[in-house]
1. Quickly run through the stretch 103-141 and pick out the residues that are of a type in the set (Asp, Glu) and not in a loop (DSSP other than H, G, I, E, B).
2. Being modelled with pLDDT of 95 or more and within 15 Å of the chain's Cα centre (by Cα) narrows it down to one of 154, 167, so name that one.
3. Specify which of the listed residues (245, 268) is farther than 20 Å from residue 184 by Cβ, modelled with pLDDT under 80 and touching a Gly at 6+ places or on another chain (Cβ under 8 Å).
4. Do you know which residues across the stretch 1-14 are without any contact (Cβ under 8 Å) to a residue 40 or more places away in the chain and surrounded by 12 or more Cβ atoms within 10 Å (Cβ to Cβ)?
5. Listed residues 86, 76; which is among the hydroxyl-bearing types (Ser, Thr, Tyr), outside the structural domain of residue 119 (by TED's automatic domain parsing) and touching a helix residue (DSSP H, G or I) at 6+ places or on another chain (Cβ under 9 Å)?
6. Need pairs with beta-carbon distance below 8 Å; first residue modelled with pLDDT under 95 and within the stretch 15-34, second surrounded by fewer than 20 Cβ atoms within 10 Å (Cβ to Cβ) and among the polar types (S, T, N, Q); sequence gap 6+ or separate chains.
7. Test residue 96 against the stated conditions and say whether it is in contact (Cβ under 8 Å) with a residue 12 or more places away in the chain and touching a Pro at 6+ places or on another chain (Cβ under 6 Å).
8. Out of 217, 199, I need the residue that is at pLDDT 90 or above, more than 24 Å from residue 80 (Cα to Cα) and in a helix (DSSP H, G or I). Which one?
Amino acid sequence: YEEGLKLLETGGSLSTAALAFEAVVQKDPKNSEAWLRLGNIQAENEKERPAIAALQRAVRENPENLEALMSLAISYTNEAMNLEAYSTLERWIKIQYPQVIKNNIRRTQISHDHIISLFLEAARLGPSEAVHKSPESEALAFDPDVQSGLGVLFFNNFDYDKAVDCFKAALSVRPNDYLLWNRLGATLANSGRCEEASNAYYQALELKPTFVRCRYNLGIACMNIGCYKEAVEHFLGALSMHIIRYGKDGKGDDAGINISDSIWETLR
């Protein structure tokens with residue numbers, strides 16, 4: 001576990017860090033935090049399905065793992081699994097703001113509008129009313145996690161301007177959160193603001209140079225504004241990050257590779 005954390009902290013390869021956390025969960029399959037780390041790494045490495053599997057396991061081992069629930073909801077959103085995303089966000093609210101659920105009992109099938117109403121109510125309450133408070137939350141006017149959840153929900157509903165506002169609000173509290181910068185970039189890109197999206201992606205990559213998904217997203221943004229040479233460079237850069245250094249190949253060199261299908265298909 002410590003080896004994987006060290007790789008993440010020192011800018012090591014995400015693929016190598018994933019191997020470290022895979023080794024941890026093989027030895028300790030009930031370690032929710034290790035499953036969470038593995039899931040987040042797989043998502044950052046543009047491998048959504050393995051990310052979902054790991055995050056589901058993190059939540060199974062610890063149903064109150066708030067970070068895992070939020071990450072899982074985002075991964076579901078990326079795979080257009082909207083009902084699963086809504087259900088997971090509802091679970092997050094039940095744990096962090098249970099009073100919101102009591103005031104908004106759901107009598108019908110889960111819906112986007114219902115989950116939005118829960119998060120808007122949580123936003124009105126503010127972080128001082130949250131069950132699990134962080135040292136920073138007491139002084140904050142709003143909960144950045146609630147803003148992030150709202151951003152995901154507005155994104156799901158193609159309401160990109162509101163999603164941008166939510167992610168920017170969260171970033172005002174967490175300016176060094178590279179995942180938030182990437183989500184802001186993706187939202188701007190989907191609303192046709194590709195140059196602004198590129199700036200957000202560059203911010204994320206400055207904070208996390210090994211962020212494969214963000215480099216892939218930056219390639220897509222470049223492609224959308226006709227900068228094909230730069231796009232190819234970003235795609236190749238993302239693919240090169242999937243090389244894992246371990247063991248010997250047939251020529252006596254350290255080698256290993258684990259390619260993301262989505263990056264390869266886009267490049268082709």
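The values are calculated or read from the model by the stated rules, or taken from the named source; none is laboratory data. These numbers were taken from a predicted model, which means no experiment stands behind them. Positions of Cβ are backbone-derived with ideal geometry, glycine not excepted, and every protein chain shown enters the neighbour counts.
1. Answer for the stretch 103-141, where residues must be of a type in the set (Asp, Glu) and not in a loop (DSSP other than H, G, I, E, B): 113, 121, 129, 138.
2. None of the other options fit; the residue is 167.
3. None of the other options fit; the residue is 245.
4. Scanning the stretch 1-14 gives 1, 3, 4, 5, 6, 7, 8.
5. On inspection, the qualifying residue turns out to be 76.
6. Close Cβ pairs satisfying both conditions: 15/258.
7. For residue 96, the condition - in contact (Cβ under 8 Å) with a residue 12 or more places away in the chain and touching a Pro at 6+ places or on another chain (Cβ under 6 Å) - is not met.
8. The match here is 199.
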